[in-house]
Amino acid sequence: MGTVHARSLEPLPSSGPDFGGLGEEAEFVEVEPEAKQEILENKDVVVQHVHFDGLGRTKDDIIICEIGDVFKAKNLIEVMRKSHEAREKLLRLGIFRQVDVLIDTCQGDDALPNGLDVTFEVTELRRLTGSYNTMVGNNEGSMVLGLKLPNLLGRAEKVTFQFSYGTKETSYGLSFFKPRPGNFERNFSVNLYKVTGQFPWSSLRETDRGMSAEYSFPIWKTSHTVKWEGVWRELGCLSRTASFAVRKESGHSLKSSLSHAMVIDSRNSSILPRRGALLKVNQELAGYTGGDVSFIKEDFELQLNKQLIFDSVFSASLWGGMLVPIGDKPSSIADRFYLGGPTSVRGFSMHSIGPQSEGDYLGGEAYWAGGLHLYTPLPFRPGQGGFGELFRTHFFLNAGNLCNLNYGEGPKAHIRKLAECIRWSYGAGIVLRLGNIARLELNYCIPMGVQTGDRICDGVQFGAGIRFL
């Protein structure tokens with residue numbers, strides 16, 4: 001979307017790491033035989049003016065923040081590169097449907113011999129836009145309807161209303177988003193929502209009504225999010241056969257919590273990466289800002305990816321977490337961790353590892369899970385360079401454990417308990433990447449280390465989602 005036009009530019013490559021892969025979108029106009037329009041590629045130039053065509057309700061100050069680096073360019077290649085980077089920043093704001101760039105020699109009485117004018121031709125989004133799409137979650141799907149008011153006050157603010165109807169969850173919410181001018185990664189948002197979810201592995205139904213406020217910001221190579229959330233939770237039984245342990249959890253509770261999330265992500269893809277690493281660390285403190293639920297919760301996710309010979313990829317993942325109740329009140333079934341299923345420890349049914357009562361899984365206060373994976377191209381490479389590149393052969397080894405800890409004991413006792421009764425599985429299958437949205441897996445699984453009460457899926461298992469162990 002969008003085109004970069006330039007005059008007197010014939011030597012610039014049409015693709016490459018410095019140019020963001022414009023490819024066929026870049027257009028080049030032949031050099032006009034004027035003395036002033038000589039080839040300026042290797043000579044110093046000055047960007048004298050930057051013009052915008054098509055602005056309506058967008059304020060000047062937020063635009064100036066995004067295109068300021070264009071004036072710092074010292075030669076023609078830098079002008080092209082910085083103009084393209086500015087175009088990407090403008091599109092990232094989510095307020096323009098299209099952005100084209102035109103670079104030309106400067107005209108007028110104040111024109112310098114080496115002066116350039118850069119013109120951004122923009123098309124703003126309408127004041128009200130709608131959307132309809134489908135979403136894939138972790139082994140669930142949903143239909144999503146949305147209404148959006150982009151660029152509400154002229155500085156990239158956004159109000160969004162969204163309704164989602166899914167196989168296990170129905171929700172609707174209203175959100176307000178405000179980025180910091182000149183630094184889109186620093187942004188503030190407020191959300192109001194209602195979510196109703198069904199959790200058949202626990203015979204539980206949960207309805208959350210709440211609000212949250214969060215601020216996101218980068219520090220060096222890390223991304224951080226600080227969040228406050230207040231939610232009124234209503235838990236109920238999904239069926240008449242629910243166990244007494246689940247019935248005892250039924251009722252209303254009010255949770256007010258502060259949380260912090262840190263992410264370091266150098267992967268080339270979030271769905272099926274070939275290289276890079278990911279580290280996520282989350283902390284949550286509930287009870288000190290109100291409510292009747294009190295706990296400290298910490299969890300992390302680590303993933304390493306390495307490309308090998310023959311276009312194969314080796315991947316290693318490690319997850320872990322711990323929840324510590326504060327006070328005499330035990331933790332809630334809605335706050336605990338769950339493990340098992342095609343997106344975590346394969347070969348086991350969804351969330352069917354760990355403490356359970358009469359067939360209902362209650363979750364645990366501590367867990368770990370690890371996985372080793374080898375992804376290779378399909379045998380004989382059918383569809384190479386096309387549709388076949390979306391498929392990968394998948395060999396895996398998974399392991400993990402979920403339990404409750406006695407926090408009166410020391411760390412050595414905790415480690416011993418987490419090392420007991422380890423569930424593990426191995427197998428092979430096919431992975432299909434659905435763009436950068438989600439992925440599907442069809443695996444043949446062999447579960448091992450099965451404990452009493454675990455539900456297994458011995459044989460073929462299908463999984464769909466965005467987060468896989």
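Pairs under 9 Å by beta carbon, first residue surrounded by fewer than 18 Cβ atoms within 10 Å (Cβ to Cβ) in segment 147-164, partner hydroxyl-bearing (S, T, Y) and part of a loop (DSSP other than H, G, I, E, B), six or more apart or different chains?
G154/T58
Looking at segment 87-105, which of its residues are among the hydrophobic types (A, V, I, L, M, F, W, C) and either closer than 15 Å to D53 by Cβ or in contact with a strand residue (DSSP E or B) (Cβ under 6 Å, 6 or more places away or on another chain) (or both)?
L90, L91, I95, F96, V99, V101, L102, I103
Would you say P181 is in contact with a helix residue (DSSP H, G or I) (Cβ under 6 Å, 6 or more places away or on another chain) and either of a type in the set (D, E) or over 30 Å from K43 (Cα atoms) (or both)?
When the stated conditions are applied, P181 passes them.
Could you tell me whether any residue of segment 378-394 is without any contact (Cβ under 8 Å) to a residue 60 or more places away in the chain, of a type in the set (D, E) and out of contact with any strand residue (DSSP E or B) (no Cβ under 6 Å at 6 or more places or on another chain)?
Yes, there is a match, as at least one residue in segment 378-394 is without any contact (Cβ under 8 Å) to a residue 60 or more places away in the chain, of a type in the set (D, E) and out of contact with any strand residue (DSSP E or B) (no Cβ under 6 Å at 6 or more places or on another chain).
Look at L323 and say whether it is open to solvent by less than 60 Å² (accessible area, probe 1.4 Å) and assigned to a strand (DSSP E or B).
So L323 fits the description; yes.
Filter segment 384-430 for residues that are among the charged types (D, E, K, R) and either more than 22 Å from E441 (Cα to Cα) or crowded, with 16+ Cβ neighbours inside 10 Å (or both) and give the result.
Result: R392, E409, K412, R416, K417, E420, R423.
Residues that are closer than 23 Å to A261 by Cβ, part of a strand (DSSP E or B), in contact (Cβ under 8 Å) with a residue 12 or more places away in the chain and out of contact with any His (no Cβ under 8 Å at 6 or more places or on another chain): does segment 338-353 have at least one?
No, because not a single residue in segment 338-353 is closer than 23 Å to A261 by Cβ, part of a strand (DSSP E or B), in contact (Cβ under 8 Å) with a residue 12 or more places away in the chain and out of contact with any His (no Cβ under 8 Å at 6 or more places or on another chain).
Scan segment 208-262 for residues that are over 25 Å from the mean Cα position of the chain (by Cα) and open to solvent by 60 Å² or more (accessible area, probe 1.4 Å) and report the count.
Qualifying residue count for the region: 9.
Would you call R455 basic (K, R), modelled with pLDDT of 90 or more and open to solvent by less than 40 Å² (accessible area, probe 1.4 Å)?
Answer is no for this residue.
The values are calculated or read from the model by the stated rules, or taken from the named source; none is laboratory data. Remember, predicted model here, so these are calculated numbers, not experimental data. Note: ideal-geometry Cβ built from the backbone for every residue, glycine included; neighbour counts use all protein chains shown. These accessible areas exclude ligands, DNA and RNA; they are computed on the full protein's heavy atoms, side chains included. Shrake-Rupley method; radii C 1.70, N 1.55, O 1.52, S 1.80 Å.
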